[in-house]
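Novice: Okay, handing you the structure first.
Quick note: the coordinates plus some simple rules give every number you see, no bench work behind them. Computed from a predicted structure; not experimentally measured. Glycine also receives a Cβ, built like all others from the backbone with ideal geometry; neighbour counts cover every protein chain displayed.
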Amino acid sequence: MFLKGDEDNSLFYIDHTGVYRYVLGGSTVEQIIDGSLNSLSSPDTGTVAWGQDSDGNFYVGCNAGEDIRIYSYVYSKDTPTTPDTELTVYSLKDSNFIKQAAVLFQKKYPDIYVNIEAGMSGDDSVTDTDALKVSNTENMAGTGPDVLLLDGISEDTYIEREMLEDLSGVLKDEDILPNIKDAYTKEDGSIYTMPVKFGIPMIEGNKDIIAGITDLTTEADAAESQKDSYGKLKFFSSFSISPSWLIQGTIDNSTPAWMNEDGTLKEDALKEYLEQVNRIWQTQKDAIEETKKAYQMGDDWANSDRSGYTNIAGSITDLLVKVNTVAAGGLLSPEGLVYLDSAKKVDPDLDYRLLNGQSENCFYPRSIVGISAKASEKEAAEKFVKFLFEEESQRASNDEGLAVNSKVYEDMAYWKMGKSSGDTIGSIGTSYDTGDGNIKQLEMDEIIPEDEAIQNIMDLGKTLTVPAKSNQIIRNAVTESGEKYLNGETGLDDAVKEIMQEVNLYLSE
């Protein structure tokens, strides 16, 4: 956004990186406010209006999450331009939650600058494998970041090689859900990593269909039982519209069943996984081809680069308009529960429940944090990690995972987002092709669930004890070879052999 400048031939402009001044006809731009040091850099802050008073102070009207706020920015000669301490936080991919948490942290600790680095920017050709190799090398050499987000990174390898600090002292006073904390606590009481948020694997669909889905095998049974209904724009689920999507949507709550203690894979369990996802795909593929032909879609209509399970909230409308038999994915926010529960109000035949894969009682760890054993700013790193589990930070970024802080997680107001049961907080709508050339509209009010529905989910989340740890190297190997198997380009035994060889090669390096 632009603003008239302090002189006739000047102007100001603002974005997430800060506030800038430009003199018309000039060759340089002056940064007036560094957005990385304040709330401007927060991903949930959207600027809607701004102005400057006669004293030079800026006032910025923002959509901040669900609130409308006015922030004031006042010059202070006593505040250093750059904080004394620079803390480096690394993640394989961008994390909006960490960006928001960094803004809150810097407000509390203005003498610490949080420098967030992402191994993959998305704007270059760097692959996750490339980024992981660079990160591993830097960490082994002691030149890496102070704090690591280990989503997609082999945390067990880092622990085994003593590359991470013990967090048990840092987290001893933090009120973390016991089932989450216990899953990451070693027998001697040490803690090297801990997820800051978590998700619950869920499935929603017709009550009779999902009642029998208790694991990956019965999920494949359910897919096969409905195959006669599949056709043009009629599928089992949104994650099964391509082999790569199907693998990415089912791998997380199955991986724990494959893993040996030394990080190697159990060949029989991996083979069983590929057999079951292939059963799902074989019921689906003709419907996919029919849809592609009817709508003249290319082979790339389902993005093969998608990684990780989906947010189940994004599949609800396809479930309601009968494009999909089931919706599945992670319950990652209170609003996600609003979607699940509101769908039942539109269609009373629907229900939702925990979705198991080959492993039972899994939860999806999100923003798994650790401190480098060779951190140059260890004290600042400990302050930052501790802050991530405090109430203020846990209430931030409600769309990237559920709070692991017990006080926040067990707070009805957190689940109701400050509203009351029965309140309508919005609506979602979609138009869809009925398959016979007609276009219909569907609208669903987003209604805050009753206490009983919230309590049921709250209780369910506290029973989950198995972290669905995601190693990006394993994910890539299974996706690449598994896709060839599902497409009939290679046999099952050969696909398993390829995966085992690639993973073992990575472990040996």
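Novice: In whole angstrom, how far apart do the alpha carbon centroids of the stretch 225-254 and the stretch 80-115 sit?
Specialist: Here the two parts' Cα centres lie 40 Å apart.
Novice: As a quick test, which of the pairs K99/K197; K285/K344; K207/K234; K197/K497 have an alpha carbon distance above 23 angstrom in this structure? Show your work: numbers first, answer last.
Specialist: Details: K99/K197 14 Å; K285/K344 29 Å; K207/K234 19 Å; K197/K497 35 Å.
Among K99/K197; K285/K344; K207/K234; K197/K497, the Cα-Cα distance tops 23 Å for K285/K344; K197/K497.
Novice: Could you check the spin-label model distance between Q455 and K207? Points 7 Å from the Cα along Cα→Cβ, value in nm.
Specialist: Roughly 2.1 nm, to one decimal.
Novice: Tell me, how many Å apart are the Cα centres for the stretch 47-62 and for the stretch 423-476?
Specialist: 38
Novice: Given points 7 Å out from each Cα along the Cα-Cβ axis, report the N260 to Y71 separation in nanometres with one decimal.
Specialist: Here the answer is 5.1 nm between the modelled labels.
Novice: Using a/c under 1.5 as the rounded threshold, could you call the stretch 403-465 rounded, prolate or oblate? The axes a ≥ b ≥ c are square roots of the C-alpha gyration tensor eigenvalues, and prolate needs a/b larger than b/c, oblate otherwise.
Specialist: Verdict is prolate for the stretch 403-465.
Novice: Suppose the Debye formula is applied to equal point scatterers at every Cα of the chain; what is log10 I(q)/I(0) at q = 0.06, 0.10, 0.13 Å⁻¹?
Specialist: Summing over Cα pairs of the chain leads to -0.32, -0.88, -1.35.
Novice: Here is a further query. Of N487, I428, I448, whose Cα points farthest to the positive end of the dipole of the stretch 390-509 (charges on the beta-carbon: +1 Lys, Arg; -1 Asp, Glu; origin at the Cα centre)?
Specialist: It is N487.
Novice: What full-extension length gain, to one decimal in nm, is calculated for E117 and V346 as 0.36 nm per residue of separation minus the Cα-Cα distance? Can you show the working numbers first?
Specialist: Working: separation 229, 0.36 × 229 = 82.44 nm, distance 4.34 nm.
Fully extending the segment from E117 to V346 adds 78.1 nm.
Novice: In cubic angstrom, how much convex hull volume per residue do the alpha carbon atoms of the stretch 417-509 span?
Specialist: Hull volume normalised by residue count: 225 Å³.
Novice: Okay, next question. Place +1 on the Cβ of every Lys and Arg and -1 on the Cβ of every Asp and Glu in the chain, take the dipole about the Cα centre, and give the residue among W281, T88, S154 whose Cα lies farthest towards its positive end.
Specialist: Most positive-ward Cα: W281.
Novice: Still on this structure, please answer the following. What is the spin-label model distance, in nm, from T430 to D299 if the labels are put 7 Å beyond Cα along the C-beta direction?
Specialist: Distance between the two pseudo-spin positions: 2.7 nm.
Novice: How large is the charge dipole for the stretch 171-213, taken about the Cα centre, if only the Cβ atoms of Lys, Arg (+1) and Asp, Glu (-1) carry charge, to the nearest 20 debye? Display every interim value, and only then the final one.
Specialist: Numbers: 5 positive and 8 negative charges, 23 e Å.
It works out to roughly 120 debye.
Novice: Now for a different question. Note down the relative contact order for the chain as a percent, whole number, built from C-alpha pairs under 8 angstrom at least six residues apart.
Specialist: 18
Novice: So how strong a dipole does the stretch 350-398 carry about its Cα centre when Lys and Arg Cβ are +1 and Asp and Glu Cβ are -1, to the nearest 20 debye?
Specialist: Taking the Cα centre of the stretch 350-398 as origin, the dipole is about 140 debye.
Novice: Hey, another quick one. Tell me whether the stretch 310-413 comes out rounded, prolate or oblate; compute the Cα gyration tensor, take square roots of the eigenvalues as a ≥ b ≥ c, and use a/c under 1.5 as the rounded threshold.
Specialist: It is prolate, given that a/c is not under 1.5 and a/b is the larger ratio.
Novice: Just name one of P110, V496, A396: the one whose Cα is farthest towards the positive end of the charge dipole of the chain (beta-carbon charges, Lys/Arg +1, Asp/Glu -1).
Specialist: The listed residue farthest towards the positive side: A396.
Novice: Counting each DSSP H run of 4 or more residues in the chain as -39500 (n - 2.57), what helix-only mean residue ellipticity at 222 nm follows after dividing by all residues, to the nearest 500 deg cm²/dmol? Kindly include the intermediate steps, with their values, before the conclusion.
Specialist: Values: 18 runs with 177 residues, N = 509.
Roughly -10000 deg cm²/dmol at 222 nm, from the helical runs in the chain.
Novice: Using a/c under 1.5 as the rounded threshold, could you call the stretch 184-251 rounded, prolate or oblate? The axes a ≥ b ≥ c are square roots of the C-alpha gyration tensor eigenvalues, and prolate needs a/b larger than b/c, oblate otherwise.
Specialist: prolate
Novice: If you place +1 on the Cβ of every Lys and Arg, -1 on the Cβ of every Asp and Glu, and leave all else neutral, what size is the dipole of the chain about its Cα centre, to the nearest 20 Debye?
Specialist: Working: 44 positive and 91 negative charges, 121 e Å.
Roughly 580 debye, rounded to the nearest 20.
Novice: Now for a separate question. Can you tell me which of 195-206, 217-228 comes out highest on packing, and rank the rest after it, using the mean Cβ neighbours within 10 Å?
Specialist: Put in order of decreasing packing, that is 195-206, 217-228.
Novice: Once each part is reduced to its C-alpha centroid, what is the distance from the stretch 1-43 to the stretch 375-391 in angstrom?
Specialist: 31
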